[in-house]
Structures are given as structure tokens and as C-alpha cells.
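**Q** There's a structure below that I have some questions on.
The values are calculated or read from the model by the stated rules, or taken from the named source; none is laboratory data. Because the structure is predicted, anything quoted here is derived from the model rather than measured. Note that we place each Cβ from the backbone using ideal geometry, even for glycine, and neighbour counts take in every protein chain shown. The area values use the complete protein model at the heavy-atom level, side chains included, leaving out ligands, DNA and RNA. Shrake-Rupley method; radii C 1.70, N 1.55, O 1.52, S 1.80 Å.
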Amino acid sequence: MQATPDDQNQFVTKVAQLTRTQKQVLRLFLSGQDDGAIAVDLEIKDSTVRQHISRIANKLGVPSDKTDKGFRRRELVKQFRQFGIDGYTVADIHYCDEPAVPKVKDSAVEAEVEPKQAWQNDPNFVGREEAIAELDRLRKQGSKLVQIVAAGGQGKTTLARKYLYSRFDHVIEFAIAKETKDIASVQSLLEEKLRQIGKEPGRELMVSLERFKQHLQSKKIGILIDNLEPALDATGKFIGEYRSYVELLRTLNHCSLKSYSIITSRELLNESSISSDVYKLKGLKLEAWQKYFEYQSLIFLKEGKSLMEMHKSFGGNAKAMDVFSGVIKEDCEGKLENYWNSNRNFLLLEPTLENLVKEQFNRLLKLNLIDSYNLICRMGCYRYQDVSTIQKKGVIDLLWDTNETESEKAIKILKDRGLLESKQEKYWLHPIVREEAIQRLRVSSDWIKTNIKAAESWSKQFEKSDNEKDIISSFEAYYHYLSIEEFDQAAKTISRTKERANKSRFSFWTLLYQIGRLQQIKDSIYRLIDTQGISYELARLHDILGDLCLMSGEINAAKNSYQKCSLIAKKLDEQECFFNSDWFSSKGNLRVTSIFNMGLCLVFQWNLSSAIKYFEDVVFLTKSLNSDLRCHNNALVILCFLYSQLNENAKSQEYMKKYSSRFPDYNKSFWSIGHSYIFHGKACQNLKKKGESMESYLKALEFSKKVEYPRIQGQALVGIAELKRINLKYGSALIQHQDSVEIFKKIGGKCDLAEAYLQYALTYQSIRDKGNSQKYFDKALYLWSPEQINAPKQIERVRKVMNQSL
């Protein structure tokens, strides 16, 4: 019997009243899938599928036959054929405002009355709640066309599919081929989609688009256009032969449609005639990786360093997360830490991830985006370690071969493609991008010039400012010179000096030491020493290394470095290889300084009588070599202290008369000025000149604050605390002891810290606080022990004052 229009309308009305889940089941059922296949597709049980089909048959009035279990199913198919409705059309049959469906209590079908949220129950799809919420928000605001843009492997397609299939009963996908040459025409794709929904394509594209538009005006449909970038040129516009895609997108963006279209692409679509919302998809958060790995039954420490390092190295990339899961299971028995410990230095070891990154670099070349390609490769020269981001000036400096406008374009292109990360005009590369970048840079002709430009850019920060951040940043120049084996320049980076606003000068290495980077500078010098021939720079490196070893309590190593410096300096003096570029490179000065410093080593070890000979040699040599009087004046005041400590007061007074504490300007060494005040204060204290002693310590303290010299500040505080203890002002003394200890702890000055502990203990001893005095005596003894500084005479000194209290 032929169905009448009224019969068909009534049937369509009944179909429209089916729930979303019932329509999905029905669509798959009519397409020929069995219950098991439907259950797998919709992630439900076989029994639930059968319940759905039974309910559908009831709602559509299909009779049952107890003697024939397959009767209702055959009748169901028959009815749909009679009314000319196929599986693709089922999901499109609905009211403009679908009627509310009474909530069903049966747990097997309870979920069907709510919008399908299958993605929430999919353990393989994690961490995208914010993205789903944002796509919902855009849709509610009336958006018709949204671009999801992100670098490869971030999960754009997965997100788009999960979203659309959870929000729409019918989704149409337009897949763009990965290779430009394989992209189908809009006309052919549209013809296929129109036929799938039971519509006849037109002979002309615009006719087909109009029919498609009419369909979307009446049906709530999700549209996915996946992997758009192969159809785009370097500017984000469609390539000439695919310009007709513009008309498709204009149609999908029409305000009258009930559809919601999502485009996924690594590159931003930039067609002026198409307005769309853009959602830049970020990498997954650490919590998402953790949740995914837990579901995959991997073994790892939840708060462990390995998981955090992996996540950071790959920027939360979803593809990387999936790849690692499989590899760790297969190769490392599911133990994440084992995998990462073996492979943390080989980020592109897995071929899938390597190809993912290479594709993005090669895409820049294919589109002839040479400035952008050069920039991303050159950005690989930066380490992103001590300084994790690069100022914009540091990025621009790498584009030496293009103008400002083109530089800005190159930066924008990389940002839009997710290759160059940025926030508030600070830039960086994710480790996997950086690894590919530096591999390409190393084999290019730009390798040396790029590192020189980067080093010069860092060095300029030191010239402009000397705050802690800029000091750390400017040391990056050392690593760039080291990487291209410009060892002399690397050495000069360490030994260079800087003039401050008050015309004073400070060595760069001293500034690094004062902010607690002592070990880093030592390690840097050790890497350079064997690369240098007999030269001023080598002598200077040994001198600086000696200073650093002395400060850190490695006194024997300090002596060794000073001796090497002295031998090299003597050879250079004999050959008259001096340059007058700074005080140290003037004839005789470096040699005298080395002898002076060896005397200091003995002072710190409390070998006072032996130290006297070195400082008397300094006084003699400064005259015979016609050397600068800086060391001469410092030697005099230290001799004054040494003789006063040995109770040879007449000799001490003799040197006191020769010594002058007046300095004509701050171009003299900060060390010389500051320590002259300190040793003068110590000598006066020993000579019972408490007023002059306090005056010297206060001058040292004022000077240290003016020039920002924490070591002198700490030593001045120790001396002031001693005098206050003598004057019975214990409370004030204890405060200054504590302040001095904190300073020396921060800068890593072991010898100074040991002395500070000793004086701290003596103050507690004076107020009969045995517990605290013993505590700080023990700390001093530990630092002067053979395992640390190794100063036997200092240990004797401590034991002696400890016994005095017994």
C-alpha cells in the first residue's frame, strides 16, 4: 500500500520524538549493523542496544510476534523503507525545539535523556573540559564557524570529533588530504555529502551549496573540516585551485543555519571574507598526563620529577603522551622512570614525534617562509635553562638579515603555528622544537654568526643594568662562545668589568659570586683552562679561580691556582706581554696579586707568621717592579693586623704609620677599599683602639651598601658584633651575628662563615648560653675540619677559646 502524505507526516513526527540516543541506535541499525557492533560504536552494552530497539518499535507502533523474535526488526526496516527514510536522515528528523522527554528511571537507558557526554567516560580522552566548555560557550553566543588551531599532535581532531559527536546526532566530516596534491575539490566533496543526506547535487557549485544550506537551515548538524592547512598558502589564504573552499565556509558561516562547524588546522585561516572564532588549543596539563598514564597502568611517582620533566619537555602534547604510553609498556615494563632516565637527552628518539616536528619545519620551507624558518632554527641556539625566556630584542637580534617589518611577520608566523611560544613579549621554544631547531642550525652556515649575535645581545644587558636578573642573563654569553669554541671570548665574558653610575668598577664574576653563583663560575672556568695557551687571559682565569676556591674554603686548590697565575704572569712580564686594558694586565700587577693572594690563604688558615713573609714580599715587589700601589697599601694594613694578632704591637704600629686609608676615587678595587677598612678595624681592635676600630667597621659597612658588596657587609657586621660584645651590648651583637651568617650562607663564603660562627659562639659564651655557644663552636669546627676547609690552626684556635670557658 502506498503511504499517503498524512501517513508520512505522522511517522516523521513519531521519529522526531525519539531521544538522541535512540536516533543514534536507529541510524546504525538501519545501516545494517548488528547489536554487538552498535554497542561498540556507542560504548554501551548489547542488552542496552536491544532495549533501545524495543522502545523504538513501541514508539513507532510496530507490532510484535511472540513466535518470531526477528519480526519487529524486519517490520521496523520495512516501515522506514516505505516512507523513504534511511539511516543518514534519521538523525536529522527533529523539531526546531525538541520536546522534553520524561526522565526514564531504567538505568540501562537513563543516559539517553541528557545530551550525550560520552567523552567524559572515555579514559583515552582526558584534560579537555575547558576546551569543551569554550566550544559550548562560542556556540551559545551564536558562533557558526570555529577554528581550532594548534601545532601537530595537540589533539585538535580528537577534540573536534568528541565535541561534535557528543552534541549532535548527525555529523558531516569534510576531510582534507594531508598532501596538497591530493585535496579533492569542494564540488566533489559536496556532491558526496548531499547524496548521503538524500539530496541531489546541482550541476553548479553554487546550486549545490544552496541546497546544502537549505538542509542546514532546518537540521541541527555538526560539521567537521579537518586538517585544513594543506589547502592554505603562506599567508593563510586558500591556494588558487582551492579558492572554492571560501564559498563553502561562507555558506557554513551563514547566520540562518542551525549547524555548528569546526575547522582544525595547524595554521590560521586568514580570509577576509570569512569571519570565524579562533580557539588556540594548548597542550594538556600535567594532571591530564597523570590521569592518562594511571589508566594505562603505567608505574610512576605521581609527584616525581620524571613525569614533570616529560610533560614540560613536550609541552603537554597529546600525541607524545599516547606514544610514550605504548613505548613504556612495551620496552620498560610500564615503568615511566626507567624510560625517562634512559632517554631524557633524546627527545626526538621516537619516530612518530620526530616526524611530527620535522613536518612543521619542512612546511615553512615548502611555503618559502625563509625568515620564519631561519628564525626558528636560530632560536635553537638559546639554552632556556638559567634564563627560560628571551626578551623580544634577543629574538630580533637573530634576524640580522631582514628589516623590522619582515622580522615582525616572521615572529607572528611562528607564533600562529605554535612553534614559537610567547607571553608578555617574552619568547621560548618547547624542548622538542628546540632540539630540531638546534640540529638544523648546527649544520647550517648560520651556526657561528647566530651564537655571536646571541652572545652580544646578552652582553648588552650587562652593560645596561647590573640587577640580579640581568647579571644571570648576561652570563649566557659565555655558553654561546663556548659552543662555537671561541674560548678567548668566553674567558673575557667572565673577567670583564663594568663601570657603575658612581664611576666605580666591578668584575662580572664578582657580581655572579655575590648572588650565589660561585659554583657555576668555578665550573665555567675549569672548562676553559685547558683551552688556553700561555696568555694574559689564562693567568687571569687562574687568578679568578683562586679567589673562588678561597671563598668556598678550598684553600689548597686556591694556592695551586695562584701559583699557576704567578708563573704565567712572570713569563708574560719577561716577554713584556702586557696590554694595559685593565689594572691586572699592566706589567707586574698580576704577579704581585698572586703573591698577595697566597698570603691571604695562609691568613684564612691562621698560619699568621708564614703569611707575613708573603705580604712583605708584596711590599718589596710593588716598589721594585714599579707596580701599582693598590696591593702595596693593602699589604701594609694586613701586616699591621698580623703583627697585632701576634702581639708584636710595636711592629704593628710601624706599619700603621705607613698605611693610608685614603682612596682618591672609586676606580680603585672594591676589594682593596673594603678589605682595607676591615683589616684596619681588626688591627685597631687588637691594639685596644676600640673607637678607631668601630669607625673603620662602620666605614666598611657604609661602603659595602653603597657599592652593593655583600661580603664586605658581612665582615663589617662580624667586626661590629665583636665590639658590641666587648661593650656588653649582647642583644645588638646577636642580631648582627645572625645577619652576617645569612649573608655568607647566601654567597657561599665558607671561610667567612666559619669566622662568623666562631664569633657568634663567643657572644653566646659571654652570656653563659652553653647550648648555643656549643652549637656555633661545632659549626665553626666542622667548616675548618679536614673534610671541609682543612685549617688545623683554626681548629686549635677554636679549642683554645672553648677551653677558656671551662
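**Q** Can you name every residue in segment 759-797 that is under 19 Å from Ala611 (Cβ atoms) and in contact with a Phe, Trp or Tyr (Cβ under 7 Å, 6 or more places away or on another chain)?
**A** Ala791, Lys793, Gln794, Ile795, Arg797, listed by residue number.
**Q** If you scan segment 140-174, which residues turn out to be in a loop (DSSP other than H, G, I, E, B) and not polar (S, T, N, Q)?
**A** First, pick out the residues of segment 140-174 that are in a loop (DSSP other than H, G, I, E, B): 141-144, 150-155, 168-170.
Within segment 140-174, Gly142, Lys144, Ala150, Ala151, Gly152, Gly153, Gly155, Phe168, Asp169, His170 meet the criteria.
**Q** Touching a residue at least 40 places away in the same chain (Cβ under 8 Å) and surrounded by 19 or more Cβ atoms within 10 Å (Cβ to Cβ), is that true of Ser444?
**A** no
**Q** Based on what the data block shows, is His430 touching a strand residue (DSSP E or B) at 6+ places or on another chain (Cβ under 8 Å), at pLDDT 90 or above and not charged (D, E, K, R)?
**A** Considered against the rule, which asks whether it is touching a strand residue (DSSP E or B) at 6+ places or on another chain (Cβ under 8 Å), at pLDDT 90 or above and not charged (D, E, K, R), His430 comes out as yes.
**Q** While we're here: Would you confirm, using the coordinates I've provided, whether Tyr782 is assigned to a helix (DSSP H, G or I) and exposed (fewer than 15 other Cβ atoms within 10 Å of the Cβ)?
**A** Criteria met by Tyr782.
**Q** Does Ile472 satisfy the criteria of being touching an Asp or Glu at 6+ places or on another chain (Cβ under 7 Å) and either over 28 Å from Trp400 (Cβ atoms) or not acidic (Asp, Glu) (or both)?
**A** Here the answer is yes, as Ile472 does meet what is asked.
**Q** I'm checking my understanding of the structure. Among residues of segment 332-353 that are farther than 18 Å from Gly304 by Cα and crowded, with 16+ Cβ neighbours inside 10 Å, which one is farthest from the chain's Cα centre (by Cα)?
**A** Selected residue: Glu350.
**Q** Looking at Trp447 and the list (1) among the hydrophobic types (A, V, I, L, M, F, W, C); (2) closer than 17 Å to Ser524 by Cα; (3) over 21 Å from the mean Cα position of the chain (by Cα), which single condition is not satisfied?
**A** (2)
**Q** Okay, moving on. Of all residues in segment 119-135 being closer than 24 Å to Leu268 by Cβ and in contact (Cβ under 8 Å) with a residue 12 or more places away in the chain, which is surrounded by the most Cβ atoms within 10 Å (Cβ to Cβ)?
**A** Among those residues, the one meeting the criterion is Leu135.
**Q** Okay, next question. Consider Ile225 carefully, then state whether it is of a type in the set (A, V, I, L, M) and closer than 26 Å to Lys358 by Cα.
**A** Details: of a type in the set (A, V, I, L, M): yes; closer than 26 Å to Lys358 by Cα: yes.
It is true that Ile225 is of a type in the set (A, V, I, L, M) and closer than 26 Å to Lys358 by Cα.
**Q** Then there's this: Within segment 192-203, track down each residue that is closer than 20 Å to Asn227 by Cα and open to solvent by 40 Å² or more (accessible area, probe 1.4 Å).
**A** Scanning segment 192-203 gives a single hit, Glu192.
**Q** Consider segment 521-551. How many of its residues are of a type in the set (Gly, Ala, Ser) and closer than 14 Å to Asn597 by Cβ?
**A** Of the residues in that region, 2 qualify.
**Q** Is it the case, given these coordinates, that Tyr776 is of a type in the set (Ser, Thr, Tyr) and in contact with a His (Cβ under 9 Å, 6 or more places away or on another chain)?
**A** Working: of a type in the set (Ser, Thr, Tyr): yes; in contact with a His (Cβ under 9 Å, 6 or more places away or on another chain): yes.
In short, yes.
**Q** Output yes when any residue across segment 335-351 is out of contact with any His (no Cβ under 7 Å at 6 or more places or on another chain), in contact (Cβ under 8 Å) with a residue 60 or more places away in the chain and farther than 22 Å from Phe125 by Cα, and no when none is.
**A** So far as segment 335-351 goes, yes, one or more of its residues are out of contact with any His (no Cβ under 7 Å at 6 or more places or on another chain), in contact (Cβ under 8 Å) with a residue 60 or more places away in the chain and farther than 22 Å from Phe125 by Cα.
**Q** When the residues of segment 759-791 are filtered to those that are touching a Leu at 6+ places or on another chain (Cβ under 9 Å) and in contact (Cβ under 8 Å) with a residue 40 or more places away in the chain, which remaining residue is nearest to Met551 (Cα to Cα)?
**A** Ile789
**Q** Continuing with the same structure: Considering only residues of segment 695-707 that are among the hydrophobic types (A, V, I, L, M, F, W, C) and either surrounded by fewer than 19 Cβ atoms within 10 Å (Cβ to Cβ) or in contact with a strand residue (DSSP E or B) (Cβ under 6 Å, 6 or more places away or on another chain) (or both), which is farthest from Lys724 (Cα to Cα)? Before you say what the answer is, go through the steps one by one.
**A** Looking only at segment 695-707, we keep the residues that are among the hydrophobic types (A, V, I, L, M, F, W, C), and these are 698, 700-701, 703, 707.
Cutting the leftovers down to either surrounded by fewer than 19 Cβ atoms within 10 Å (Cβ to Cβ) or in contact with a strand residue (DSSP E or B) (Cβ under 6 Å, 6 or more places away or on another chain) (or both) gives us 698, 707.
Values: Leu698: 13, Val707: 25 Å.
Ranking the qualifying residues of segment 695-707, first place goes to Val707.
**Q** Moving on. Across segment 224-247, what is the total count of residues that are under 23 Å from Arg161 (Cβ atoms) and under 37 Å from the mean Cα position of the chain (by Cα)?
**A** Adding up the residues that qualify gives 9.
**Q** For segment 744-753, which residues satisfy the criterion of being in a helix (DSSP H, G or I) and open to solvent by 30 Å² or more (accessible area, probe 1.4 Å)?
**A** Initially, segment 744-753 is screened for residues in a helix (DSSP H, G or I), giving 744-747, 750-753.
Passing the criteria: Lys745, Lys746, Lys750.
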